[in-house]
Amino acid sequence: MLGGLAAAAGTRIMGKEIEAEAQRPRQTWRPGQPPAMTAKTMSSRPTALLGQPRPGPARRPYAGGAAQLALDKSDSHLSDALNKEKPAKAESKSFAVAMFKGQLTTDQVFPYPSVLNQEQTEFLKELVEPVSRFFEEVNDPAKNDTLEMVEETTLQGLKELGAFGLQVPSELGGVGLCNTQYARLVEIVGMHDLAVGITLGAHQSIGFKGILLFGTKAQKEKYLPKLASGETLAAFCLTEPSSGSDAASIRTSAVPSPCGKYYTLNGSKLWISNGGLADIFTVFAKTPVTDPATGAVKEKITAFVVERGFGGVTHGPPEKKMGIKASNTAEVFFDGVRVPSENVLGEVGSGFKVAMHILNNGRFGMAAALAGTMRGIITKAVDYATNRIQFGEKIHNFGLIQEKLARMVMLQYVTESMAYMVSANMDQGSTDFQIEAAISKIFGSEAAWKVTDECIQIMGGMGFMKEPGVERVLRDLRIFRIFEGTNDILRLFVALQGCMDKGKELSGLGSALKNPFGNAGLLLGEAGKQLRRRAGLGSGLSLSGIVHPELSRSGELAVQALEQFATVVEAKLIKHKKGIVNEQFLLQRLADGAIDLYAMVVVLSRASRSLSEGHHTAQHEKMLCDTWCIEAAARIREGMAALQSDPRQHELYRNFKSISKALVERGGVVTSNPLGF
Amino acid sequence: MAELRALVAVKRVIDYAVKIRVKPDKTGVVTDGVKHSMNPFCEIAVEEAVRLKEKKLVKEVIAVSCGPAQCQETIRTALAMGADRGIHVEVPPAEAERLGPLQVAQVLAKLAEKEKVDLVLLGKQAIDDDCNQTGQMTAGFLDWPQGTFASQVTLEGDKLKVEREIDGGLETLRLKLPAVVTTDLRLNEPRYATLPNIMKAKKKKIEVIKPGDLGVDLTSKLSVISVEDPPQRTAGVKVETTEDLVAKLKEIGRI
């Protein structure tokens with residue numbers, strides 16, 4: 001029911017470049033390496049308790065017999081009815097998709113995934129040292145910022161280090177890292193210099209990612225070796241002056257020649273990272289596509305690999321920016337560029353999908369980098385707070401400072417946990433992680449901004465000064481909420497994509513109602529669910545036995561939050577149906593709920609693992625987890641209650657709309673100041 | 001002339017940037033969970049050996065380290081910098097704590113003979129014990145000439161010209177090969193191991209042997225009685241005049 005809508009609204013992409021992220025096509029391991037399946041990943045999980053026949057003895061690491069018995073009783077009467085109704089297609093294993101439906105699909109989230117085998121872990125450890133040293137000793141972020149370019153020696157050093165081809169297979173000259181390994185290195189880059197991060201990321205995370213994901217063997221062999229060594233740089237060209245979030249509206253055109261041997265590319269792209277440095281461009285342009293059935297010709301987007309050497313490719317001067325100044329951002333112009341037909345990336349007309357995949361694949365990398373940034377910033381904040389004396393005391397003894405520091409580290413912990421969970425899911429071969437990836441981007445970019453802003457606050461006037469370098473990080477961070485899909489668009493995407501499955505289920509129910517006898521099971525299950533939820537009896541869902549016993553209270557909070565959330569999702573979908581796609585006030589609030597909920601689950605998972613493995617930081621993590629869950633659960637409870645039952649909500653939305661309308665009519669603030677002039 | 005072979009000894013030490021803490025039982029310093037890396041002077045030695053190889057003056061560079069299993073990380077770093085293969089002389093952790101220059105020098109001497117190398121390179125001293133003895137003792141056991149505190153090394157036919165940093169300035173020696181050289185700070189600036197080189201290093205071999213295989217007895221005649229923090233610096237005292245200064249010094253029994 002909502003199939004196309006999520007795609008339309010959610011996949012508006014800004015061509016803004018991201019910094020380092022992973023890409024790997026959805027394959028699990030490097031060639032020749034067996035997937036590191038452990039007993040944990042192989043066990044059967046307690047899936048949705050309602051709506052599906054129980055797959056087999058559920059493995060609950062912390063389950064006591066009594067808990068199991070209680071659960072058995074609660075849904076046995078329903079499962080009888082349901083046994084007649086089998087799920088029609090393979091259910092998505094995504095936690096986010098399930099949570100919109102009020103289900104607990106824990107396959108991808110519990111236990112916290114560990115995907116690296118011994119060899120990969122040791123190899124990664126060996127890489128961390130040289131990369132860290134390089135950024136500590138050679139790279140000078142302040143200098144790069146002042147020069148508004150990456151110093152030549154640094155760039156050269158990065159190339160020699162191998163940093164430009166981290167994910168290219170080693171046979172083609174790269175380091176061949178999987179997503180999780182990549183995330184670890186990207187964390188280092190994020191900690192030290194985001195501008196360099198963007199230079200690297202625009203090159204390999206999006207610039208030539210398309211070749212890795214969709215390239216033919218010939219394309220890969222031709223382009224990847226020089227890209228991996230850094231001899232040639234790449235750039236991702238999607239954004240145009242009139243097309244940002246609305247990527248489908250791009251106007252750059254690629255007209256096929258009559259002989260069919262080449263396309264002629266004309267158009268201009270805006271704000272392209274590495275635009276002034278790159279030799280290889282992934283360009284998205286409109287091409288005429290003939291529908292084989294009807295013969296109608298439509299303009300669809302196609303992705304191309306364009307070499308500067310083809311002629312007709314020029315670029316503008318470097319843009320002056322608020323932050324990431326050392327990263328080159330420029331307009332790129334294509335004037336009658338002849339692109340050989342062999343350079344089509346993917347299929348003609350499938351460029352939109354290509355762009356989506358590229359961006360989706362790299363998103364968790366941003367969260368990983370930002371987790372690193374926050375780690376560095378928090379160190380600075382703590383260092384200041386432990387040394388600064390005011391009112392006769394070190395300021396870390398004051399409650400206001402303590403709360404700031406605590407909040408900062410919780411945001412860092414959540415972001416980091418999300419980043420490594422998504423990367424691990426991708427390494428495990430999961431193909432349905434787009435909502436989680438989007439959530440991690442939204443959360444990470446906003447968390448990093450808040451953390452850095454708060455660090456400046458803790459440092460007082462000192463934070464505002466150039467020397468400590470924190471103000472530079474804040475300036476660098478601002479763009480992360482904008483490019484690679486603005487957080488606003490991504491929120492719409494999370495809400496709509498999340499609602500999509502649920503919407504299908506509801507419309508499925510709608511048709512079931514037309515044929516009630518044949519669909520008794522579905523209806524009974526649904527009716528039962530609704531009855532229980534409305535009676536406040538809970539859905540019978542539980543995380544008991546899945547989260548560590550010490551976290552059971554937070555686990556309950558998460559389940560309650562999920563139930564509250566799903567109830568509202570369902571109610572709103574029933575009310576608005578397809579029209580929900582225009583209810584942006586609502587969608588934003590649903591997305592915020594989804595983000596908080598996923599965040600709760602992610603930290604529950606990570607803290608559980610730490611507790612059960614006896615990490616020496618386990619108790620601290622328990623505190624972080626519990627604290628986060630208390631506040632997130634409250635936000636969700638209040639947010640959903642407001643959406644569901646606050647009569648003033650509609651008044652609010654109407655007011656927002658009217659106020660905005662008045663401003664637009666006036667061209668600015670409507671009122672004059674209190675003086676009247 | 002590129003028939004020379006070099007043995008480089010590397011030591012795994014606590015990273016120079018780490019704040020050292022003494023164990024409460026005073027038997028040593030805390031090493032558990034603490035960041036370790038290759039001794040900086042050993043890095044310089046590896047770098048020099050690799051540069052000689054790049055100049056085609058040395059054919060093979062062998063990296064060796066004595067100690068527990070974790071030494072292999074250090075050998076790998078040497079391999080990533082360009083050494084051809086590694087030898088890990090495995091010593092169990094308990095015994096490794098009592099390894100000193102005398103024992104290591106015996107091992108290195110035996111290995112130098114066994115591997116028939118022409119040049120043994122070491123860092124001038126390790127930053128954990130600051131002994132500055134291993135290179136000298138190794139040369140003694142082998143009865144080879146030595147050039148210590150090298151700030152420049154040049155191969156001249158079958159001789160090695162070594163410029164040394166000594167208290168009075170610079171001293172230049174000419175050594176007949178085979179010889180032992182220990183490296184000082186200004187000899188070179190070690191390269192960063194690049195990620196592709198780390199990958200290539202995975203394929204290089206590390207041979208694991210025991211000191212017994214070389215016929216070396218590791219017993220030490222030294223035992224550590226206690227390890228303590230240096231005394232806390234007390235505040236200084238300011239005085240007004242020279243007479244006050246003399247009086248104060250007499251007071252605290254310094255003169």
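May I ask you to list the residues in the range A:563-612 that are of a type in the set (Ser, Thr, Tyr) and in contact with a strand residue (DSSP E or B) (Cβ under 8 Å, 6 or more places away or on another chain)? A:Ser605, A:Ser608 - these are the residues of the range A:563-612 that are of a type in the set (Ser, Thr, Tyr) and in contact with a strand residue (DSSP E or B) (Cβ under 8 Å, 6 or more places away or on another chain). Of the residues making up the range A:279-333, those that are of a type in the set (A, V, I, L, M) and assigned to a loop (DSSP other than H, G, I, E, B) number 5. Within the group A:Arg184, A:Arg133, which residue is touching a residue at least 24 places away in the same chain (Cβ under 8 Å) and among the basic types (Lys, Arg)? The unique qualifying residue is A:Arg184.
Check A:Ala367, A:Ala355, A:Ala385 and return the single one that is touching a Leu at 6+ places or on another chain (Cβ under 8 Å), buried (at least 19 other Cβ atoms within 10 Å of the Cβ) and farther than 30 Å from A:Glu307 by Cβ. Unique residue meeting the criteria: A:Ala385. Apart from one condition, B:Asp130 fits all of (1) within 15 Å of the chain's Cα centre (by Cα); (2) on the phi < 0 side of the Ramachandran plot; (3) outside any strand (DSSP E or B); the exception is (2). Is it the case that A:Ala385 is touching a Ser or Thr at 6+ places or on another chain (Cβ under 7 Å) and within 29 Å of A:Glu621 (Cα to Cα)? It is false that A:Ala385 is touching a Ser or Thr at 6+ places or on another chain (Cβ under 7 Å) and within 29 Å of A:Glu621 (Cα to Cα).
Filtered by the rule that a residue be within 14 Å of chain B (Cβ to nearest Cβ) and surrounded by fewer than 15 Cβ atoms within 10 Å (Cβ to Cβ), the range A:139-153 gives a lone residue, A:Thr153.
Count of the range A:334-352 residues, restricted to those that are under 17 Å from A:Gly267 (Cβ atoms), of a type outside the set (Lys, Arg) and part of a strand (DSSP E or B), is 7. Which of the numbered conditions does B:Thr138 fail, given that it passes all the others? Conditions: (1) touching a helix residue (DSSP H, G or I) at 6+ places or on another chain (Cβ under 9 Å); (2) at pLDDT below 95. Tallying (1) touching a helix residue (DSSP H, G or I) at 6+ places or on another chain (Cβ under 9 Å); (2) at pLDDT below 95, B:Thr138 fails exactly one: (2). With respect to B:Ala150, determine if the residue is outside any helix (DSSP H, G or I) and either touching a strand residue (DSSP E or B) at 6+ places or on another chain (Cβ under 8 Å) or more than 14 Å from chain A (Cβ to nearest Cβ) (or both). So B:Ala150 passes the test.
Only residues that are more than 14 Å from chain B (Cβ to nearest Cβ), out of contact with any helix residue (DSSP H, G or I) (no Cβ under 6 Å at 6 or more places or on another chain) and not small (Gly, Ala, Ser): list them for the range A:186-205, please. Once the filter is applied, which keeps residues that are more than 14 Å from chain B (Cβ to nearest Cβ), out of contact with any helix residue (DSSP H, G or I) (no Cβ under 6 Å at 6 or more places or on another chain) and not small (Gly, Ala, Ser), the range A:186-205 yields A:Val196, A:Ile198, A:Thr199, A:His203. Evaluated against (1) within 14 Å of another protein chain (Cβ to nearest Cβ); (2) touching an Asp or Glu at 6+ places or on another chain (Cβ under 9 Å), A:Gln156 falls short on exactly one condition, (2).
Return the only residue of B:Ile62, B:Ile127, B:Ile44 being modelled with pLDDT of 95 or more and more than 12 Å from B:Val8 (Cα to Cα). Explain how you work it out, then say what you get.
Working: B:Ile62 fails: more than 12 Å from B:Val8 (Cα to Cα); B:Ile44 fails: more than 12 Å from B:Val8 (Cα to Cα).
When all the criteria are applied, what remains is B:Ile127.
Of the residues in the range A:110-122, at least one is at pLDDT 50 or above, assigned to a helix (DSSP H, G or I) and in contact with a helix residue (DSSP H, G or I) (Cβ under 8 Å, 6 or more places away or on another chain). Based on this model, can you work out whether B:Leu195 counts as hydrophobic (A, V, I, L, M, F, W, C), over 20 Å from the mean Cα position of the chain (by Cα), farther than 18 Å from B:Asp84 by Cβ and surrounded by fewer than 21 Cβ atoms within 10 Å (Cβ to Cβ)? It is false that B:Leu195 is hydrophobic (A, V, I, L, M, F, W, C), over 20 Å from the mean Cα position of the chain (by Cα), farther than 18 Å from B:Asp84 by Cβ and surrounded by fewer than 21 Cβ atoms within 10 Å (Cβ to Cβ).
Conditions (1) touching a His at 6+ places or on another chain (Cβ under 8 Å); (2) closer than 20 Å to A:Glu436 by Cα; (3) small (Gly, Ala, Ser), marked per residue:
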residue	(1), (2), (3)
A:Leu562	no, yes, no
A:Thr567	no, no, no
A:Ile580	no, no, no
A:Gln588	no, yes, no
A:Asp592	no, yes, no
A:Leu597	no, yes, no
A:Leu611	yes, no, no
A:Ala618	no, no, yes
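So that you can scan it fast, the table gives a plain yes or no per residue for (1) under 16 Å from A:Phe164 (Cα atoms); (2) aliphatic (A, V, I, L, M); (3) in a strand (DSSP E or B); (4) touching a residue at least 24 places away in the same chain (Cβ under 8 Å):
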position: A:Pro225; (1), (2), (3), (4): yes, no, no, yes
position: A:Ala235; (1), (2), (3), (4): yes, yes, yes, yes
position: A:Arg251; (1), (2), (3), (4): no, no, no, yes
position: A:Gly260; (1), (2), (3), (4): no, no, no, yes
position: A:Thr264; (1), (2), (3), (4): no, no, yes, yes
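Whether any residue in the range A:583-596 is among the acidic types (Asp, Glu) and modelled with pLDDT of 95 or more is what I want to check. Scanning the range A:583-596, I find at least one residue that is among the acidic types (Asp, Glu) and modelled with pLDDT of 95 or more, so the answer is yes.
Of the residues in the range A:262-281, how many are surrounded by 21 or more Cβ atoms within 10 Å (Cβ to Cβ), of a type outside the set (A, V, I, L, M, F, W, C), in contact with a Lys or Arg (Cβ under 8 Å, 6 or more places away or on another chain) and closer than 24 Å to A:Pro317 by Cα?
Filtering the range A:262-281 for residues surrounded by 21 or more Cβ atoms within 10 Å (Cβ to Cβ) gives A:263, A:265, A:269-275, A:277-278, A:280-281.
Adding the requirement that they be of a type outside the set (A, V, I, L, M, F, W, C) leaves A:263, A:269, A:273-275.
Pick out the ones that are also in contact with a Lys or Arg (Cβ under 8 Å, 6 or more places away or on another chain) and you get A:263, A:273, A:275.
Applying the additional criterion that residues be closer than 24 Å to A:Pro317 by Cα yields A:273, A:275.
Here the count works out to 2.
Can you name every one of the strands (runs of 3 or more DSSP E) wholly within the range B:1-106 that holds 1 or more residues which are within 14 Å of chain A (Cβ to nearest Cβ)?
B:12-14, B:36-38, B:85-90
Yes or no, residue by residue, for (1) in contact with a Lys or Arg (Cβ under 9 Å, 6 or more places away or on another chain); (2) in contact (Cβ under 8 Å) with a residue 40 or more places away in the chain; (3) surrounded by 12 or more Cβ atoms within 10 Å (Cβ to Cβ); (4) closer than 30 Å to B:Ala78 by Cα:
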residue: B:Leu187; (1), (2), (3), (4): no, yes, yes, yes
residue: B:Pro190; (1), (2), (3), (4): no, yes, yes, yes
residue: B:Met199; (1), (2), (3), (4): no, no, yes, yes
residue: B:Ala235; (1), (2), (3), (4): no, no, no, no
residue: B:Val246; (1), (2), (3), (4): no, no, yes, no
residue: B:Leu249; (1), (2), (3), (4): no, no, yes, no
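In the range B:160-195, which residues are within 14 Å of another protein chain (Cβ to nearest Cβ) and in contact with a Ser or Thr (Cβ under 8 Å, 6 or more places away or on another chain)? Answer for the range B:160-195, where residues must be within 14 Å of another protein chain (Cβ to nearest Cβ) and in contact with a Ser or Thr (Cβ under 8 Å, 6 or more places away or on another chain): just B:Ala193.
Scanning the range A:159-185 for residues being out of contact with any Leu (no Cβ under 7 Å at 6 or more places or on another chain), of a type outside the set (A, V, I, L, M), away from every other protein chain (no Cβ under 11 Å) and in a helix (DSSP H, G or I) gives a total of 2.
Scan the range B:196-205 residue by residue and report those that are within 14 Å of chain A (Cβ to nearest Cβ) and under 24 Å from B:Ala112 (Cβ atoms). Matches in the range B:196-205: B:Ala201, B:Lys204.
Select from the range A:98-138 the residues that are small (Gly, Ala, Ser) and more than 13 Å from chain B (Cβ to nearest Cβ) and write down the one among them that is nearest to the chain's Cα centre (by Cα). Break it down into steps so the answer makes sense when it comes.
We begin by selecting, within the range A:98-138, every residue small (Gly, Ala, Ser); these are A:98, A:102, A:114, A:132.
If we keep only those that are more than 13 Å from chain B (Cβ to nearest Cβ) as well, we get A:98, A:102, A:114.
Details: A:Ala98: 17, A:Gly102: 22, A:Ser114: 20 Å.
Filtering the range A:98-138 for residues that are small (Gly, Ala, Ser) and more than 13 Å from chain B (Cβ to nearest Cβ), the one nearest to the chain's Cα centre (by Cα) comes out as A:Ala98.
The values are calculated or read from the model by the stated rules, or taken from the named source; none is laboratory data. Since this is a predicted model, take the numbers as computed values, not measurements. So basically every Cβ, Gly included, is an ideal-geometry build from the backbone, and we count neighbours across all protein chains shown.
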